[in-house]
1. Of the residues in the range B:51-67, how many are more than 15 Å from the chain's Cα centre (by Cα) and facing chain A (nearest Cβ under 10 Å)?
2. Of the residues that make up the range A:379-396, is at least one among the basic types (Lys, Arg) and touching a residue at least 40 places away in the same chain (Cβ under 8 Å)?
3. Sort out which residues of the range A:346-384 are part of a loop (DSSP other than H, G, I, E, B) and either hydrophobic (A, V, I, L, M, F, W, C) or more than 10 Å from chain B (Cβ to nearest Cβ) (or both), and write them in order of number.
4. Can you pull out the residues in the range A:386-413 that are open to solvent by less than 60 Å² (accessible area, probe 1.4 Å), in a helix (DSSP H, G or I) and facing another protein chain (nearest Cβ under 7 Å)?
5. Output the residues belonging to the range A:224-235 that are within 22 Å of A:VAL181 (Cβ to Cβ) and open to solvent by less than 20 Å² (accessible area, probe 1.4 Å).
6. Taking the condition open to solvent by 20 Å² or more (accessible area, probe 1.4 Å), over 27 Å from A:LEU348 (Cβ atoms) and either at pLDDT 50 or above or part of a loop (DSSP other than H, G, I, E, B) (or both), does A:PHE83 pass?
Amino acid sequence: MSLNRRDFLKSSAATFAASIAPLAAHAKASQAQPHVVVVGAGFGGATCAKYLRMWDPNIKVTLIEPNEKFTSCPMSNWVIGGFQTFDALVKSYDNLPKYGIKMVKDWVTGVDGEKRLVMTKSGKKIAYDRLVLAPGMEWATESVQGWDEAYAAKKVVHSFRAGPDTLLLRKQLEAMPDGGVFLIASPPPPGRCVSGPYERASVAAHYFKQHKPKSKIIMLDGHFDVVSKGPMFKAAWKELYPGMIDHRPNNMVTAFNHKTMVVSSEFEDVKADVVNIIPWQRAPKLCKDAGVRNDALDRWCGIDNITYESTSVPNIHIVGDPVLSNMPKSAHVSNNQAKICAAAIIDLFNGRQPEPVPVIGSTSYSVTSDKTSGAIAVVMRYSPEKKVYERQPTGGANPLHSELDFAYGQSWHDNIWADTLG
Amino acid sequence: MIRRSFLAIAVLAGLGPCLSAQASDNPRVRLLASTCVTCHGPGGQSLGAVPSLAGQEKAYLQEAMMEQRAGKRETTVMRKYMNGFTPEEIGQLAEYFSKLK
């Protein structure tokens with residue numbers, strides 16, 4: 001029913017669009033039905049594809065994603081803590097085609113920004129009018145000496161991209177003897193989900209408290225403090241897990257010897273039973289090959305803050321983790337950037353000025369046990385004068401965890417999954 | 001669905017901001033409102049403990065948001081959110097969500 005109506009309205013919309021052709025003076029003839037290719041169906045890419053179609057059914061959208069299903073990083077710490085199943089993280093892409101999105105299961109191997117072509121592993125060449133890159137991040141494993149050998153030997157996990165690593169870490173914690181040491185190392189900023197490692201320490205402590213109470217958690221933190229939801233985490237740890245979590249700030253990990261299980265930071269060597277090192281991250285190689293990974297350190301992608309178009313290659317937009325900005329690299333931010341990008345692309349195709357003052361919301365909930373959670377919320381508005389997204393007053397973290405925030409957090413997951421995936 | 005599709009046409013035609021001051025026809029309001037639904041659910045219909053916004057009375061939504069903004073109403077995160085929006089935008093958002101079913 002709704003599809004029929006949409007199809008009918010689509011043709012009506014096309015008629016309307018044709019009647020206003022003069023307004024879109026510099027829209028090309030080939031853009032009668034412009035084609036947007038979106039790479040990556042995560043919180044950024046899937047949202048962008050969906051909103052492009054919802055807001056302008058005249059646009060043809062192809063979404064390229066190598067995975068059969070979506071696996072959520074948010075909530076994956078619950079699995080590591082033993083109070084959620086892995087299956088709960090896995091979501092179908094089946095609703096996206098209902099919006100008229102063409103899903104292509106493939107891996108993008110290259111982009112030709114001049115010819116506006118996307119090349120895929122299966123040998124396809126897909127032409128685009130505009131391209132949205134939402135490939136998440138890749139690991140800069142060279143930031144930790146010995147990482148590659150240790151990872152191949154399954155002696156270290158990142159568990160910061162939900163998947164097999166999530167379950168492996170859970171199994172390693174289950175196999176760890178009571179009295180063992182679980183080491184979590186987080187990289188210096190910027191990186192994905194700053195609060196994730198603190199939440200992970202919390203869920204591990206929740207598990208240890210019940211099943212192996214003599215165990216310890218050592219956090220070697222590349223940040224100067226518990227930088228996200230700090231007072232909330234510290235109070236929760238003191239209340240629920242006194243003496244169990246040893247947080248060592250300003251302690252960037254540089255090496256891991258998996259044969260001796262010794263982790264080395266700039267300051268000390270620590271022996272552990274289970275090792276979870278989150279390496280540095282950067283925009284994936286695809287972004288570099290496309291010419292959009294363009295900051296001085298060759299890590300992130302510079303964008304126009306209104307359209308999310310690359311500052312170096314026209315017609316390529318970037319959303320989510322790869323973006324060079326002061327915004328958190330989170331599911332919520334990726335979802336919000338994707339909508340701003342979608343709206344801007346629609347405006348550009350229709351010869352209109354995109355919204356000059358976009359607003360980004362960022363909410364995240366971190367569990368501290370299987371019943372409690374703490375929230376942070378920040379609104380960022382783009383300032384055309386200062387050319388930066390500015391944090392608005394009163395934003396920040398709640399000082400204490402609560403059961404209410406746990407309930408809201410659970411609902412946040414359900415709603416962002418539905419908003420992203422349909 | 002009807003409303004959304006109609007809206008798409010209105011926006012496509014570039015008529016929204018010109019002909020009508022209605023919040024639901026305004027692409028900027030629609031974009032602002034899209035930041036709300038990340039937590040409050042697609043179309044303002046929540047799947048869980050976070051309250052639904054769709055179809056609530058405009059006056060109720062506006063008053064609630066303004067009170068949250070001023071810190072006069074107990075919230076977990078909404079005060080932090082509402083201070084990121086102007087009173088005019090809050091009025092537009094209230095109208096937008098009041099018109100969703």
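1. First, pick out the residues of the range B:51-67 that are more than 15 Å from the chain's Cα centre (by Cα): B:67.
Among the residues that remain, those that are also facing chain A (nearest Cβ under 10 Å) are: none.
Residues meeting the conditions: 0.
2. Step one: of the range A:379-396, the residues among the basic types (Lys, Arg) are A:381, A:386-387, A:391.
So of that shortlist, the ones also touching a residue at least 40 places away in the same chain (Cβ under 8 Å) come out as A:387.
Taking every residue of the range A:379-396 in turn, at least one turns out to be among the basic types (Lys, Arg) and touching a residue at least 40 places away in the same chain (Cβ under 8 Å).
3. As a first pass, look at the range A:346-384 and keep what is part of a loop (DSSP other than H, G, I, E, B): A:350-358, A:368-372, A:384.
Passing the criteria: A:GLN353, A:VAL357, A:THR368, A:SER369, A:ASP370, A:LYS371, A:THR372, A:PRO384.
4. Answer for the range A:386-413, where residues must be open to solvent by less than 60 Å² (accessible area, probe 1.4 Å), in a helix (DSSP H, G or I) and facing another protein chain (nearest Cβ under 7 Å): A:ASP405, A:ALA407, A:TYR408, A:SER411, A:TRP412.
5. Correct list: A:VAL226, A:PHE233.
6. Considered against the rule, which asks whether it is open to solvent by 20 Å² or more (accessible area, probe 1.4 Å), over 27 Å from A:LEU348 (Cβ atoms) and either at pLDDT 50 or above or part of a loop (DSSP other than H, G, I, E, B) (or both), A:PHE83 comes out as yes.
The values are calculated or read from the model by the stated rules, or taken from the named source; none is laboratory data. A quick note: this is a predicted structure, and the numbers were derived from the prediction, not measured. A quick note on method: Cβ atoms are made from the backbone with ideal geometry, for glycine too, and the neighbour counts reach across all protein chains shown. Just so you know, the surface numbers come from the protein's heavy atoms only, side chains and all, with ligands and any DNA or RNA stripped out. Shrake-Rupley method; radii C 1.70, N 1.55, O 1.52, S 1.80 Å.
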